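Student: This structure is in structure tokens; I'll ask about it shortly.
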Amino acid sequence: MKLNQECTLLQNELRKFAQQVILEKVDELDETCSLPFDNIKQLAEMGILGAIIPEDMGGAALDTMSSVVSLEEISKVCASTALIIAVHNAFFAYPILKFGNEEMKKKYLPKAALGEIVGGFADCSTNEVKVKKQGNDFILNGTNPFVLNAQANGPIVAFLPTSQENEGFSAFVLDNDIPGIKRKGNANIIGLKSAGIGELVFENCAVSQNALISAENQGEVILADGELVFENCAVSQNALISAENQGEAILAEVQNLGRIFVSGIALGIAQGAIDNAIKYAKERVQFEQAIINFGMVREKIADAITRIEATRLLTYDAAMKRDANENFSQAASMAKYYAGQSAVEITTQSIQIYGGYGYMKDYPVERYFRDAQVINVLCSTPVDEKENIAKETIG
Amino acid sequence: MEYFFNEKEKQLWQKAHDIAENMVRPIRDELDEKAEFPLELIKEMGNQGMFKIIIPEEYGGTGAKIMDMCIAVEEISRVCAGIATAYSVGALGSGPIVYYASDEQKKKYLPKIATGEQLCAFALTEAQAGSDAANIQTTARKDGDYYILNGVKQFISNASVSDVYTVLASTDKTRGARGISAFIVENNFPGISFGKEEHKLGIRASVTSELVFEDCRVPKENLMGKEGFGFIYTMRNFDRARPGVGAIALGIAQGAYEDAVDFLYKHDLLGNQYVQSKIADIATEIEAARALIYASARMIDSNAKGISKVSSFSKLYPSDIAVKVCTEAIGLMGPYGTLKEHYLEKRLRDAKITQIYEGTNEIQRVVIALEIIRETGIKHQEEQS
């Protein structure tokens with residue numbers, strides 16, 4: 001598939017950056033579960049933090065295709081860095097841009113574009129978090145164990161249940177200085193250990209209605225990374241994105257974009273893993289020859305490359321549909337479903353090419369294997385993706 | 001499914017089950033986190049007779065039946081495959097002694113292995129000899145009443161905690177695989193040290209390190225069997241050991257399945273037919289793996305000939321299933337499945353090694369394919385004559 005010139009330039013720039021800068025510390029950051037702040041800072045200077053933000057707000061206004069290609073290149077080396085950027089753009093900046101009021105956009109997006117804030121995302125629409133309305137404020141109580149970019153220390157777009165009767169929920173932007181929000185690190189996840197997947201604790205936290213993105217009750221289920229604990233956390237109406245109980249519609253849109261971005265990351269993981277395995281197989285000698293000569297190794301490579309190319313076509317197709325303003329919900333689900341499954345399979349087989357060495361932390365391939373497992377269930381599980389594909393097909 | 005265990009097997013299962021639930025479960029997380037070998041637990045398992053099952057009756061054991069090993073290992077691995085590995089390494093190390101050592105050597109070593117007083121490990125792999133096991137560079141040079149061993153063994157499970165090793169070294173480099181000999185080496189022989197401790201993805205309760213020989217003097221009476229037969233002993237030992245590796249994988253799959261189904265039930269997700277379809281497949285595959293392992297073990301215990309292919313079946317399929325079941329279970333549970341508290345992530349990390357150790361699954365496929373080719377060749381020759 002031929003990319004346009006702008007996209008190709010960006011691809012080359014990020015490929016170089018990933019190899020020359022990100023690669024150096026990637027294992028250390030994974031080992032210590034530390035966020036790649038240096039990478040993020042430099043990627044911000046390259047405009048990647050403002051990928052989907054319009055130019056008049058300081059963003060790079062990239063099309064979906066260019067954003068996906070960027071994420072793919074970064075995640076070939078470090079999927080955690082790519083995920084932070086994807087979450088910041090698709091799950092944080094996008095709902096504010098699409099559904100937020102002018103004040104909210106002004107408040108967050110220019111800073112987000114420059115990477116001065118790195119936003120997070122928490123879906124609390126289906127779990128233990130309880131929301132009570134008190135005048136203009138929402139009082140939050142409960143825990144969300146899975147918050148994306150929780151440790152990035154920026155504001156968080158949160159989907160919170162605001163209507164018990166019809167299970168309606170609403171989207172909010174929660175500032176990180178709201179009293180009662182606590183963030184905890186979460187090293188207890190199998191992969192993407194540098195992605196800031198952490199825990200967020202709310203204690204007597206007040207959020208105003210101004211934080212509501214769009215109207216109330218427009219949300220749906222989501223993933224996340226980390227934990228969010230709400231204890232008497234009061235959120236004022238100012239924090240509401242759009243109107244109350246509009247969360248479902250917002251969440252559906254956010255997820256659709258998120259699926260394309262996550263597919264791009266899965267694609268990069270798969271490509272990165274097999275690239276490493278191929279390099280290893282060329283060097284590793286057994287039975288008096290490089291193991292790349294053996295049919296069982298070549299078969300794995302052929303299988304992986306075929307799946308990667310199919311993933312790439314699906315992912316780019318979804319991105320191009322979105323850029324052409326076509327309905328891309330089915331394309332995004334097909335891309336995400338296939339990309340997640342492929343990343344899991346290809347990283348599993350890449351370890352096999354390494355044999356015993358692949359099981360050791362001295363080689364990078366076990367990290368790709370762990371990261372792929374998380375990516376496979378982000379945005380929604382394979383089961384949910386299949387249901388969405390079926391639904392879109394049948395109508 | 002009912003596999004008609006005899007009374008002895010039922011008792012063994014119960015004992016393994018009690019050990020797994022009462023002794024393994026409480027410590028498995030800490031050992032995984034700290035990558036610590038459960039020496040105390042392994043010794044206690046010895047006290048309870050768990051090593052007797054790998055030793056013949058005349059040397060203080062209860063019979064060295066592969067089926068017994070599979071029953072014990074599956075049940076322990078259902079709770080922790082790291083500890084199951086730490087335990088089962090003993091069988092791989094002592095296997096060659098049981099089958100190929102002299103009566104004198106057996107009397108000297110096996111009774112202590114049977115009680116768990118001495119732990120036993122197996123040292124074959126080297127940096128340049130993984131799948132190509134015959135390519136080992138460690139040498140054993142005859143010098144009067146001793147063999148002098150030099151070389152570095154790599155990825156040796158339980159190296160630093162074991163008392164006795166079956167070590168493969170070349171006594172005649174010009175003869176390749178037919179120049180390899182097996183030795184019984186004690187950890188207090190001069191010239192032995194342990195190299196780098198490996199930092200692994202999983203089975204972290206099992207310690208893995210280099211075993212280094214620098215002019216290590218091994219008495220000539222510690223040569224096992226005949227010079228030049230070490231590689232054959234090794235391959236036959238693997239033939240007998242593979243169902244046990246399959247059983248480790250099976251235990252992981254079974255444990256993952258149980259945890260996932262409990263989670264899905266509690267979260268009211270089992271009503272979904274997408275989920276039902278996956279769960280039904282997983283349950284079927286696990287039972288198929290179990291049937292395959294038990295049938296292979298019983299066949300080997302019957303002293304049947306030509307067990308290589310069947311033995312490879314019993315490692316290949318269960319290990320692939322173990323990785324698949326863990327991955328599918330995480331997929332069904334969603335993001336929660338990736339978190340430590342739900343335990344699937346550890347099981348997956350552990351499961352991955354079962355596709356690799358004691359011969360990668362690619363090597364298993366080669367073993368199976370070569371056997372099929374051989375069988376087919378014989379059939380065609382018979383047809384032609």
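The values are calculated or read from the model by the stated rules, or taken from the named source; none is laboratory data. These numbers come from a predicted model, not from an experiment. Quick reminder, even Gly has a Cβ in these numbers, built from the backbone with ideal geometry, and neighbours come from all protein chains shown.
Student: Among residues belonging to the range B:312-355 that are more than 7 Å from every other protein chain (Cβ to nearest Cβ) and in contact with a Ser or Thr (Cβ under 6 Å, 6 or more places away or on another chain), point out the one that is surrounded by the most Cβ atoms within 10 Å (Cβ to Cβ).
Tutor: Checked the range B:312-355; the qualifying residue surrounded by the most Cβ atoms within 10 Å (Cβ to Cβ) is B:Ala322.
Student: Also, I was wondering about something else. Quick check: anything in the range A:12-21 among the acidic types (Asp, Glu) and touching a residue at least 60 places away in the same chain (Cβ under 8 Å)?
Tutor: No, because not a single residue in the range A:12-21 is among the acidic types (Asp, Glu) and touching a residue at least 60 places away in the same chain (Cβ under 8 Å).
Student: Here is a follow-up. Got a number for residues in the range B:108-146 being assigned to a loop (DSSP other than H, G, I, E, B), away from chain A (no Cβ under 14 Å) and of a type in the set (Gly, Ala, Ser)?
Tutor: 2
Student: Right, something else. Within the range A:185-195, is there a residue that is over 24 Å from the mean Cα position of the chain (by Cα), at pLDDT 70 or above and either closer than 30 Å to A:Ala318 by Cβ or surrounded by fewer than 24 Cβ atoms within 10 Å (Cβ to Cβ) (or both)?
Tutor: Checked the range A:185-195: no residue is over 24 Å from the mean Cα position of the chain (by Cα), at pLDDT 70 or above and either closer than 30 Å to A:Ala318 by Cβ or surrounded by fewer than 24 Cβ atoms within 10 Å (Cβ to Cβ) (or both).
Student: Scan the range A:360-389 residue by residue and report those that are part of a helix (DSSP H, G or I), farther than 15 Å from A:Glu31 by Cα and facing another protein chain (nearest Cβ under 7 Å).
Tutor: Result: A:Gln373, A:Val374, A:Asn376, A:Val377, A:Pro382, A:Val383, A:Lys386, A:Glu387.
Student: So if I check each of A:Lys76, A:Lys105, A:Lys41, A:Lys98, which one is among the charged types (D, E, K, R), touching a strand residue (DSSP E or B) at 6+ places or on another chain (Cβ under 9 Å) and in a helix (DSSP H, G or I)?
Tutor: Of the residues listed, the single one that is among the charged types (D, E, K, R), touching a strand residue (DSSP E or B) at 6+ places or on another chain (Cβ under 9 Å) and in a helix (DSSP H, G or I) is A:Lys98.
Student: Out of all the residues in the range A:346-359, is one or more within 12 Å of chain B (Cβ to nearest Cβ), under 22 Å from A:Glu73 (Cβ atoms) and under 20 Å from the mean Cα position of the chain (by Cα)?
Tutor: Yes, the range A:346-359 contains a residue that is within 12 Å of chain B (Cβ to nearest Cβ), under 22 Å from A:Glu73 (Cβ atoms) and under 20 Å from the mean Cα position of the chain (by Cα).
Student: So, B:Arg374, is that one over 14 Å from the mean Cα position of the chain (by Cα), facing chain A (nearest Cβ under 9 Å) and surrounded by fewer than 20 Cβ atoms within 10 Å (Cβ to Cβ) or not?
Tutor: Taking the combined requirement at face value, the residue does not satisfy it.
Student: Just the residues that are in contact with a strand residue (DSSP E or B) (Cβ under 9 Å, 6 or more places away or on another chain) and surrounded by fewer than 24 Cβ atoms within 10 Å (Cβ to Cβ), please, taken from the range A:252-290.
Tutor: A:Ala281, A:Lys282, A:Glu283, A:Arg284, A:Gln286
Student: Quick one: would you say A:Ala310 is aliphatic (A, V, I, L, M), more than 30 Å from B:Gln128 (Cβ to Cβ), assigned to a helix (DSSP H, G or I) and free of Cβ contacts under 8 Å to residues at least 24 places away in the same chain?
Tutor: Here the answer is no, as A:Ala310 does not meet what is asked.
Student: Can you name every residue in the range B:153-173 that is buried (at least 19 other Cβ atoms within 10 Å of the Cβ) and not hydroxyl-bearing (Ser, Thr, Tyr)?
Tutor: The answer is B:Lys153, B:Gln154, B:Phe155, B:Ile156, B:Asn158, B:Ala159, B:Val161, B:Val164, B:Val167, B:Leu168, B:Ala169.
Student: Looking at the structure I just gave you, is A:Ser333 within 14 Å of chain B (Cβ to nearest Cβ), among the small types (Gly, Ala, Ser), assigned to a helix (DSSP H, G or I) and over 18 Å from the mean Cα position of the chain (by Cα)?
Tutor: In short, no.
Student: Which one of the conditions (1) within 14 Å of chain A (Cβ to nearest Cβ); (2) among the hydroxyl-bearing types (Ser, Thr, Tyr); (3) in contact with a helix residue (DSSP H, G or I) (Cβ under 6 Å, 6 or more places away or on another chain) does B:Thr208 fail to meet, given that it meets all the rest?
Tutor: (3) is the only condition that B:Thr208 fails.
Student: Still on this structure, please answer the following. Test each condition in (1) more than 14 Å from every other protein chain (Cβ to nearest Cβ); (2) surrounded by fewer than 20 Cβ atoms within 10 Å (Cβ to Cβ); (3) assigned to a strand (DSSP E or B) for B:Glu258 and report the one that comes out false.
Tutor: (3)
For every residue, the table says whether it meets (1) in contact with a helix residue (DSSP H, G or I) (Cβ under 9 Å, 6 or more places away or on another chain); (2) without any contact (Cβ under 8 Å) to a residue 40 or more places away in the chain; (3) more than 27 Å from B:Val212 (Cβ to Cβ).
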residue	(1), (2), (3)
B:Phe37	yes, no, no
B:Lys43	no, no, no
B:Lys65	yes, no, yes
B:Val73	yes, no, yes
B:Val79	yes, no, yes
B:Pro96	yes, no, no
B:Ala101	yes, no, no
B:Thr115	yes, no, yes
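Student: Sticking with this structure for a sec: Just to be sure before I move on: is B:Glu358 closer than 23 Å to A:Ile291 by Cα, touching a residue at least 12 places away in the same chain (Cβ under 8 Å) and more than 10 Å from chain A (Cβ to nearest Cβ) in the structure I sent?
Tutor: Taking the combined requirement at face value, the residue satisfies it.
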